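Structure record follows, encoded as structure tokens.
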2 protein chains.
Amino acid sequence: MDSTARIERTLDAILRTGEQPGAPPLLTAALRHAVFPGGARIRPQLCLAVASACGDNDPVLTDAAACSIELLHCASLVHDDLPCFDDADTRRGRPSVHRAFGERLAVLAGDALIVESFRAIVRAGAAHPARALKLVESIGAGVGMPFGIVAGQSWECEPKVNLRDYLRAKTGALFGSATAAGALAAGASPARWRALGDWLGEAYQVADDIRDVVMDPALLGKPGGQDVSLGRPSSAKELGLSGALEQFDRLVQNAVESVPECLGAPRLRALVRAESERLVPKSWCAELSRNAVPVAARIKPPVPSPAPTTQPW
Amino acid sequence: MDSTARIERTLDAILRTGEQPGAPPLLTAALRHAVFPGGARIRPQLCLAVASACGDNDPVLTDAAACSIELLHCASLVHDDLPCFDDADTRRGRPSVHRAFGERLAVLAGDALIVESFRAIVRAGAAHPARALKLVESIGAGVGMPFGIVAGQSWECEPKVNLRDYLRAKTGALFGSATAAGALAAGASPARWRALGDWLGEAYQVADDIRDVVMDPALLGKPGGQDVSLGRPSSAKELGLSGALEQFDRLVQNAVESVPECLGAPRLRALVRAESERLVPKSWCAELSRNAVPVAARIKPPVPSPAPTTQPW
């Protein structure tokens, strides 16, 4: 079975566990709306690819770990879209969860996805309980305090913010967890795999900033220009668009080079390159260099930074 | 060390784990605000009492399990107080988290508390990994889908609701998890202990409905009359105040009788009786019977039920 099928099947199975007679129908539907159809599933793909490179000798646990991370990502999207944050009407080209089901069910759907993500790991942990415990802790660190995605999101509420700390926590942390989880699920040490996730996570956030500035909302699947209009820290705002594109290329190259030599290395490097092309197509760079002024104008005039101590990087 | 000291010390230690240099200061403060000073800590007290009755041979795991449940309870309070739910300005006599820190940090604080609750268990699970896995699953079931407190809260968004299912999930589920967790942490079977939590959970929700109707907001520590004004299912509304008081007494008696014979049984029965007196003092019943009409009037005029198929119980 290919990795996409493994991921979709496991996500469906996790949700079905909660879809018993007597379950609240609207919350049940809101959870499905939050998870299906998905985006690129890049975090679980990364987890599966690393597990495969490490032997993948407990695929049930690998699948659970990979999909746990995807559920946590979905939870973060549901809560980030809420009116008090991005107030986004759309996500992946469809109404956001709070637009489709109301704000209360969106809060609860995010909560339920967090809970179900951890339960999924422990349910799959019978063969290797110690691995399952490490996975909960490692993935939990990618979400919780002090450096997980919840902490990262909260930096948007702080009067002083370090851009790199913010980006690393907001997006990078869960990518780092994804590669570490792939190794842990296969019984390998996560240490040599974490750098790949860290680099990719940073690249992904820079790509998100670039896409937020340059893309049409119809292509983005959510409202564009959010970082600037909401006054959030943004690498495109800090470095300019061309600087952000260069930074993205550097981070992707670092990610490719960080893949340890192993049987699965070519697959992983190809995955990283394909994902970078999907995020920021090379054709864009050519087009942007031809139309430098108009595109650059989309992120001007510069808005006063809400974070006076933000450090460009 | 007495149980109250164990609980407060462990809650503090769990929060301190996330309070490292580089942690976002406002979210850090919001988490402390959500957890300290606490209420009666009845769920962790119950967990500790059951663990003690079962031998409590891994007190580190017991403490983590008990406090995991309390953190999940705190998370539910933070999210339930949000403007889209109860829009409560106060909690435990202080500003609610969203009033003190804003809505965004309240959403994130609830999320972080859920994550940290599960991490706390696995960090304490080194000596007994299999027990820790069972605890995450059992406690997760008390929170998640289909019958945990998140599902229970979501019944308030459904057009049709069964009152007993709603109450069991909204409050009872986490009480059931508390007694089961006490047994699991001590390596015992949770089966004979779950009834105690289930009865107490139902009693607690009925008490909450009674208190919502009769108590002064200053004594309640949060706005009163919420169930009626928000049109929520309420046993005081369904059964009338005297009917709800009788129901409460019956449930407490069932809880007391469900305590299995063991060395810790007298302590547990005393805990149940003390808690019931704290929740609904006997002096109230006497006063209510002297002033039946004025007090009953506080829950009239009856508002149209939002749940036409609600079944009284």
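Rule-based calculations on the coordinates, nothing more; no lab input. This structure is a prediction, so every number in the text was calculated from the model and none was measured. All Cβ positions, glycine included, derive from the backbone under ideal geometry; neighbour counts span all protein chains shown.
Can you tell me the orientation of helix A:265-279 relative to chain A, as the angle in degrees between its alpha-carbon axis and the longest Cα principal axis, to the nearest 10? Orientation of helix A:265-279: about 50 degrees from the principal axis.
Can you tell me the order of B:134-140, B:189-195 when each peptide is scored by its average per-residue count of other Cβ atoms within 10 angstrom, highest first?
On the way: B:134-140: 25.0, B:189-195: 17.6.
In descending order of packing, they fall as B:134-140, B:189-195.
Starting from the label point of B:Thr4 at 7 Å along Cα→Cβ, the same points in the other copies fall at 6.0 nm, in ascending order. Here the simple spin-label model places points 7 Å from the Cα toward Cβ, and for B:Met1 and B:Asn57 these points are separated by 2.2 nm. Label-to-label distances for A:Gly93 across copies, nearest first, come out at 5.6 nm, using points 7 Å from Cα in the beta-carbon direction. Under 14 Å from a label point set 7 Å out along the Cα-to-Cβ vector of A:Ser242, the amide N atoms of the range A:262-285 belong to A:285.
Take the cross-link list A:Lys134/B:Lys170; A:Lys160/A:Lys282; B:Lys134/B:Lys170; B:Lys134/B:Lys237; A:Lys170/A:Lys237; A:Lys134/A:Lys160 and give me the ones stretching past 26 Å between alpha-carbons. Provide the component values of the computation, followed by the final result.
Numbers: A:Lys134/B:Lys170 31 Å; A:Lys160/A:Lys282 35 Å; B:Lys134/B:Lys170 22 Å; B:Lys134/B:Lys237 38 Å; A:Lys170/A:Lys237 17 Å; A:Lys134/A:Lys160 33 Å.
The pairs that break the limit, which is 26 Å between Cα atoms, are A:Lys134/B:Lys170; A:Lys160/A:Lys282; B:Lys134/B:Lys237; A:Lys134/A:Lys160.
Relative contact order (percent) for chain B, with alpha-carbon contacts under 8 angstrom and 6 or more residues of separation?
19
As a calculated quantity, the FRET efficiency between A:Ala265 and A:Ala130 at R0 = 25 Å, using C-beta atoms, amounts to about 0.40.
What is the mean number of Cβ atoms from other protein chains located within 10 Å of the Cβ atom of each residue in peptide A:129-141, rounded to a whole number? If you can, show how the numbers build up before the last one.
Values: counts 8, 6, 1, 7, 11, 2, 1, 10, 7, 2, 3, 9, 3.
The shielding value for this peptide is 5.
Mind sorting B:Met145, A:Met215 by how few other Cβ atoms lie within 10 Å of their own Cβ, fewest first? Before the final figure, lay out the partial values.
Working: B:Met145 27, A:Met215 16.
Ranking B:Met145, A:Met215 by Cβ neighbours within 10 Å, fewest first, gives A:Met215, B:Met145.
With contributions of -39500 (n - 2.57) from each DSSP H run of at least four residues, the per-residue ellipticity at 222 nm computed over the protein assembly as shown stands at -21000 deg cm²/dmol. In this simple spin-label model, placing a label point 7 Å from the Cα along the Cα-to-Cβ direction at both A:Lys282 and B:Glu257 gives a separation of 7.8 nm. Between the residues B:Val107, B:Leu77, B:Phe36, the greatest Cα displacement towards the positive end of the dipole of the range B:3-297, with unit charges on the Cβ of Lys, Arg, Asp and Glu, is found for B:Phe36. Remind me, relative contact order of the range B:57-118 in percent, using alpha carbon pairs under 8 angstrom and six or more residues apart? Relative contact order, the range B:57-118: 40 percent. Between the listed residues A:Phe248, B:Ile7, B:His128, the Cα displaced farthest toward the positive end of the dipole of the protein assembly as shown, a dipole computed from Cβ unit charges relative to the Cα centre, is found at B:His128. Look at B:Trp284, A:Trp199, B:Trp155 and count the other Cβ atoms within 10 Å of each Cβ; fewest to most, that gives B:Trp284, B:Trp155, A:Trp199.
If R₀ is 35 angstrom, what is the calculated FRET efficiency for the pair A:Ala274 and B:Ala29, using the beta carbon separation as r and rounding to 0.05? List each step's numbers first, then the result.
Values: r = 43 Å, r/R0 = 1.22.
The formula returns an efficiency of 0.25 here.
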